[in-house]
Amino acid sequence: MAGVNSLGIGSGVLTADLLDKLREADNAAILTPLETKLELSTQKDEAYKLLDGFMTTFKQSTATLGGESMYQGREVNGNDDFVSISAQAGSDLQSFNITDVIKAEKDVWNSTSTFASTTTAIPSIGTGTLVVTVGENSLEIPYTATTTLDDIKTAINDSTAINATATNLKIGDDAYSFSVSSDNLNEAITFSAGKQKDFITLAGDAVSGDTYEWSDGTNTLPVVSLVAGETIAESGARIADAINADPTLKTLYTATATSTGFTIESKTNGLAFTGASTSTGTQTSIDATDPLSTDISLIQQLGLDDTVNANIQVAREASFKMNGIAITRSTNSIDDLVNGVTISLNKNHGATDSSSLSVSQNSTTITTEMDLFVTNFNSLTSNLKDMTIYNQETGTAGIFNSESFIKSITNEITNILNRTDSSGNSLYDYGIEISRDGVMSMDSSTFSTKLSSDPSALELLFRGQSDTITPYKQTNTVTLTGNAATSDTFTWDDGDNGVLVDLVAGETPAESGARIAAAINADSILSTLYYAQETSTGFSIRSLTEGLEFTGSSTSVGTQTSREVTTTAASKTASDAVIGIFQELDSKMLSYTGNNQLLSNFNTQLSDTKKNLISEYDKQKASLDVRYETLTTKFSAYDAIINKLNNQFASLQLLIDAESSDS
C-alpha cells in the first residue's frame, strides 16, 4: 500500500505488503468460492445452449415421424415414353396397366395452294365472308378482292370468338402456305362461306285473288293468300310469317319483312339455295341474291376445300384402356380416374406396347427420415451422457450431474421408444433397437422389407391414427304444432338462405308441411343444398351432401308454432384414435422444448442463479474494497504517529548523547 512507510518502532509493521496479504486472504475466503461458482454457472450456460440445440434437432425428427405429411408423400413407378403419371400427396396407392394409347390431337389444316406473298391480294377472289368454325364457335371474316394472307391470319389470331392459331409458313423462296390449327385438343375446324341472303321485292299492293308461293328448289312454301288492299310491306310480313311457321323451311331459313317485301336468309353457313317466287293475280316479285362467296372462291384459293389433303391432322379425342377398360377423354392429361393422380399420354402405343404404372408411399423419404432420427437420437443421448456422468474412479462429474431433470431425459425418451402397441408391434420389428450402452441402430434391410410389405402398419405404429369421422346427410325434422290460421306464414332458413311460405287457413300440419317442403324444393338456392319432404306432423329436410352441417331455423308468424330437431347428424366420430410411438415422443419433446416448458424453465433457473451469484460477488467485493480503503487510511494515520514518535525519540537521543559527552 503506497504511503505506508514505518520507520523505527513502526518499521516493517504497518506496510503495504501487510495489507496486500490481508486482502489476498479475504479474497480467497470470500471471493474465490463465488468466482468458482460463477465459472461453473457460465459452463452450464454453454452446456445448456449445446443441449438445447440437440433437443431442438431431435424434436424436428420426432415431429416429422409423428406427423401426417411425410406419410402422405408419394412416389411413382413405371413412367415410360408412352405414359407418365404424377401423384399428389395423399393420393390413392395402387397399380394399373394402360394399353392401346391413342393421343388426343388438335385439328391442323394447311393450304394445298401456295402463294408468292403474304402481303399482296389473294388472287381471283371477290367479296364475301369466310366462316371459320372451331368446335361450336364461329368467326366470320369479311373479305374483298384486296384481302391478303396476313389479313386472314391476323383476323383469326386476334379473335376471341374462336380458339385457333393461323400461320403463314414460308416453305420456299417466294412460296408461302396458309396453316390453321385449333388451340384445344379434339376441336375440329371447318371452313365455309357466309349465310346466303335473298331480297324479294314485291311489285305492288295486293288485289282480290292474289296468292304467293316461295320455294328453294327442294322445299316449297304452301300457297299464301294475300289480302286485297294490303301494302307491299304487309304482304311481305304475311309471307315471312308463313315461311317462319313452316315446319321444314323454318329449320333452314329466317324470313324478315321489309318495306318492299321480305328477305330470306339461310341459318347455316355455306348453305346455298336458289329461291323461286310464284304469284297469281296482279302481284309479281323480283328475287335478288346477296351470294355466298361464289364466293366460295376464297376457300378454293386457300386450298382448304380439299379436305383430304388440307386437313393434315384430324382432331380426335384420346382413347386408351386402363386395366382392360376402354377410356376416352378430350385431353391427354387425365386427372379424374385415380384420386390425386394425373395420367399423361405422351405417345401412341404400338400394337404390342403397354405401360405398367404404380403409385406407392414414398419409402425413400421415410427411410431417410428414420436414418436421420437414429443419428439425432445418438447425438442427443451421447451428449446427455457426457453432461450427467459421474466417474467414481476419478471423482469427476458431468456439468449437469446434479440436475435430476436433465438426467431423466434419456430414460423418458427410451421408455417411449421401447414400448409396444396393442398388437405387440414395436420398433424392434422394423430393425430398430437400442443397445445396453444406449446406442440406437437400424437394420436397413429389415426396415425396407417391413415398409414395402405393409406401409399402413408402419404408419399406424409410428404415427397412429385420428378418430374415424364418418359423414352423413344431416336430417332435421320440423314439427308444426297445429292447423294454420288466416295470415299465418312460415319461414325456414339455414342461416344464409331461406324461404317464406304463406300458409292456408285451416290446413293441417301435414298439409302445411307439404306446402313448405314444396317451396324449399322449388327455391333456386335451397334446392341445390337440401331436399324437403312432408311428414304427418310437418316436414323433414335433408342435406344433399354428406358431411354438410347446417343449423335450421324455423320462424312462424300468426298462430302456427314449430319445433326443429336434428334427427341425423352430419357426421359421427368413432373413438378409435391410436397414438403412435413418434406422435407420443413428439408430445414429450414438446413438453421439453416448447415455450415456457421444462427446458425453458430450467434455463430461467440457470440465468437466475447466475444473476444472484454476480450480485453476491459484486456485493462482497464492494464490501472488501470499502474495508481495505478504511484500513489504508488508518495505516497511514498510524504511520504518521509512529514517524512523529520516531522523530521525538531521535531528538531525545541527541540530548542524551550530548549529556553523555559532557560528563
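The values are calculated or read from the model by the stated rules, or taken from the named source; none is laboratory data. On a predicted model such as this, the values are computed, not experimentally measured, just so you know. Cβ atoms come from the backbone with ideal geometry, glycine included; neighbour counts cover every protein chain shown. Accessible surface areas use protein heavy atoms only, side chains included; no ligands, DNA or RNA. Shrake-Rupley method; radii C 1.70, N 1.55, O 1.52, S 1.80 Å.
Here are some residues: SER615, SER591. Which one is assigned to a helix (DSSP H, G or I) and under 30 Å from ASN415 (Cβ atoms)? Don't jump to the end; show me each part of the working.
On the way: SER615 fails: under 30 Å from ASN415 (Cβ atoms).
Matching residue, one of SER615, SER591: SER591.
Which residue pairs have Cβ atoms closer than 8 Å, lie 6 or more positions apart in sequence or on different chains, and pair a first residue in the range 252-263 that is without any contact (Cβ under 8 Å) to a residue 60 or more places away in the chain with a second residue that is basic (Lys, Arg)? Qualifying pairs under 8 Å: LEU252/LYS267; TYR253/LYS267; THR254/LYS267.
Take the residues of the range 556-588 that are open to solvent by 70 Å² or more (accessible area, probe 1.4 Å) and assigned to a strand (DSSP E or B): which is nearest to ARG463 (Cα to Cα)? Looking at the filtered set, the residue picked out is ILE579. The residue of the range 589-608 that is most open to solvent (accessible area, probe 1.4 Å), among those that are touching a Lys or Arg at 6+ places or on another chain (Cβ under 8 Å) and over 21 Å from SER466 (Cβ atoms), is THR593. Of the residues making up the range 536-555, those that are open to solvent by less than 50 Å² (accessible area, probe 1.4 Å) and assigned to a loop (DSSP other than H, G, I, E, B) are GLY547, PHE550, GLY552. Within the set THR99, THR127, THR114, THR119, the sole residue that is in contact with an Asp or Glu (Cβ under 8 Å, 6 or more places away or on another chain) and within 16 Å of LYS153 (Cα to Cα) turns out to be THR119. On the given criteria, is ASN244 touching a residue at least 12 places away in the same chain (Cβ under 8 Å) and of a type outside the set (Val, Ile, Thr)? So ASN244 does not fit the description; no.
Report the residue count in the range 108-139 for those that are of a type in the set (S, T, N, Q) and assigned to a loop (DSSP other than H, G, I, E, B).
Step one: of the range 108-139, the residues of a type in the set (S, T, N, Q) are 110-114, 117-120, 124, 127, 129, 133, 137-138.
Now drop any that are not assigned to a loop (DSSP other than H, G, I, E, B), which leaves 111-114, 117-120, 124, 127.
Looking only at that region, the number is 10.
Considering only residues that are assigned to a helix (DSSP H, G or I) and modelled with pLDDT under 90, which ones fall in the range 1-25? Write out each step before concluding.
So in the range 1-25, the residues assigned to a helix (DSSP H, G or I) come out as 8-10, 16-25.
Of everything in the range 1-25, those that are assigned to a helix (DSSP H, G or I) and modelled with pLDDT under 90 turn out to be GLY8, ILE9, GLY10, ALA16, ASP17, LEU18, LEU19, ASP20, LYS21, LEU22, ARG23.
Only one of the listed residues (ILE343, ILE406, ILE389, ILE399) is of a type in the set (Val, Ile, Thr), surrounded by 14 or more Cβ atoms within 10 Å (Cβ to Cβ) and closer than 30 Å to GLY90 by Cβ. That residue is ILE343. If you scan the range 63-85, which residues turn out to be in a strand (DSSP E or B) and either among the charged types (D, E, K, R) or open to solvent by 60 Å² or more (accessible area, probe 1.4 Å) (or both)? ARG74, GLU75, ASN77, listed by residue number. Of all residues in the range 244-254, how many are surrounded by 17 or more Cβ atoms within 10 Å (Cβ to Cβ) and within 14 Å of PRO222 (Cβ to Cβ)? Going through the range 244-254 one residue at a time, the tally reaches 2.
For the range 497-522, the set of residues classified as among the acidic types (Asp, Glu) and assigned to a strand (DSSP E or B) consists of ASP502 only.
Just a yes or no: is a residue in the range 612-621 aromatic (Phe, Trp, Tyr), under 30 Å from SER466 (Cβ atoms), at pLDDT 75 or above and surrounded by 15 or more Cβ atoms within 10 Å (Cβ to Cβ)?
Looking for residues that are aromatic (Phe, Trp, Tyr), under 30 Å from SER466 (Cβ atoms), at pLDDT 75 or above and surrounded by 15 or more Cβ atoms within 10 Å (Cβ to Cβ), one finds none in the range 612-621, hence no.
Can ASN378 be described as closer than 30 Å to GLN43 by Cα, in contact (Cβ under 8 Å) with a residue 24 or more places away in the chain and out of contact with any Cys (no Cβ under 9 Å at 6 or more places or on another chain)? Spell out how you get there, then give the answer.
Numbers: closer than 30 Å to GLN43 by Cα: yes; in contact (Cβ under 8 Å) with a residue 24 or more places away in the chain: yes; out of contact with any Cys (no Cβ under 9 Å at 6 or more places or on another chain): yes.
It is true that ASN378 is closer than 30 Å to GLN43 by Cα, in contact (Cβ under 8 Å) with a residue 24 or more places away in the chain and out of contact with any Cys (no Cβ under 9 Å at 6 or more places or on another chain).
How about the range 219-237: which of its residues are assigned to a loop (DSSP other than H, G, I, E, B) and either free of Cβ contacts under 8 Å to residues at least 24 places away in the same chain or open to solvent by 70 Å² or more (accessible area, probe 1.4 Å) (or both)? Spell out the reasoning first.
Our first condition is that a residue be assigned to a loop (DSSP other than H, G, I, E, B); within the range 219-237, this holds for 219, 221-223, 226-231.
Residues satisfying the conditions are PRO222, VAL223, VAL227, ALA228.
Of the residues making up the range 584-622, those that are at positive phi and touching a residue at least 12 places away in the same chain (Cβ under 8 Å) number 0. Here LEU451 clears all of (1) at pLDDT below 90; (2) closer than 20 Å to VAL578 by Cα except the condition numbered (1). Restricting attention to the range 463-491, and to residues there that are open to solvent by 70 Å² or more (accessible area, probe 1.4 Å) and among the small types (Gly, Ala, Ser), which single residue is farthest from PRO509 (Cα to Cα)? Once the filter is applied, the top-ranked residue is SER466. For the range 624-647, the criterion of being open to solvent by less than 80 Å² (accessible area, probe 1.4 Å), closer than 30 Å to LEU65 by Cα and not basic (Lys, Arg) is met by no residue. Among the residues making up the range 50-59, those that are surrounded by fewer than 16 Cβ atoms within 10 Å (Cβ to Cβ) and either in contact with a helix residue (DSSP H, G or I) (Cβ under 9 Å, 6 or more places away or on another chain) or not in a helix (DSSP H, G or I) (or both) are LEU50, THR56, THR57. Selection within the range 509-535: residues that are buried (at least 16 other Cβ atoms within 10 Å of the Cβ) and among the hydroxyl-bearing types (Ser, Thr, Tyr). The member of this set that is nearest to THR481 (Cα to Cα) is SER512.
Scanning the range 90-110 turns up no residue that is of a type outside the set (D, E, K, R), out of contact with any Pro (no Cβ under 6 Å at 6 or more places or on another chain) and within 30 Å of TYR617 (Cβ to Cβ).
Of ALA240, ALA257, which residue is among the small types (Gly, Ala, Ser) and either touching a Pro at 6+ places or on another chain (Cβ under 8 Å) or open to solvent by less than 20 Å² (accessible area, probe 1.4 Å) (or both)?
Numbers: ALA257 fails: either touching a Pro at 6+ places or on another chain (Cβ under 8 Å) or open to solvent by less than 20 Å² (accessible area, probe 1.4 Å) (or both).
Result: ALA240 is the single residue among ALA240, ALA257 that is among the small types (Gly, Ala, Ser) and either touching a Pro at 6+ places or on another chain (Cβ under 8 Å) or open to solvent by less than 20 Å² (accessible area, probe 1.4 Å) (or both).
With the requirement that a residue be open to solvent by less than 60 Å² (accessible area, probe 1.4 Å) and either free of Cβ contacts under 8 Å to residues at least 60 places away in the same chain or in a loop (DSSP other than H, G, I, E, B) (or both), what does the range 187-206 give you? If the condition is that a residue be open to solvent by less than 60 Å² (accessible area, probe 1.4 Å) and either free of Cβ contacts under 8 Å to residues at least 60 places away in the same chain or in a loop (DSSP other than H, G, I, E, B) (or both), then GLU187, ALA188, GLY194, GLN196, GLY204, ALA206 are the ones that fit.
Could you go through the range 224-233 and let me know if any residue there is in contact with a Leu (Cβ under 8 Å, 6 or more places away or on another chain) and farther than 27 Å from LEU139 by Cβ. Scanning the range 224-233 turns up at least one residue that is in contact with a Leu (Cβ under 8 Å, 6 or more places away or on another chain) and farther than 27 Å from LEU139 by Cβ. The residue of the range 86-103 that is most open to solvent (accessible area, probe 1.4 Å), among those that are in a loop (DSSP other than H, G, I, E, B) and farther than 21 Å from ASP353 by Cβ, is GLN88. For the range 386-496, the strands (runs of 3 or more DSSP E) that sit wholly inside it and include 1 or more residues that are in contact with a Gly (Cβ under 9 Å, 6 or more places away or on another chain) and within 30 Å of LEU50 (Cβ to Cβ) are 440-442.
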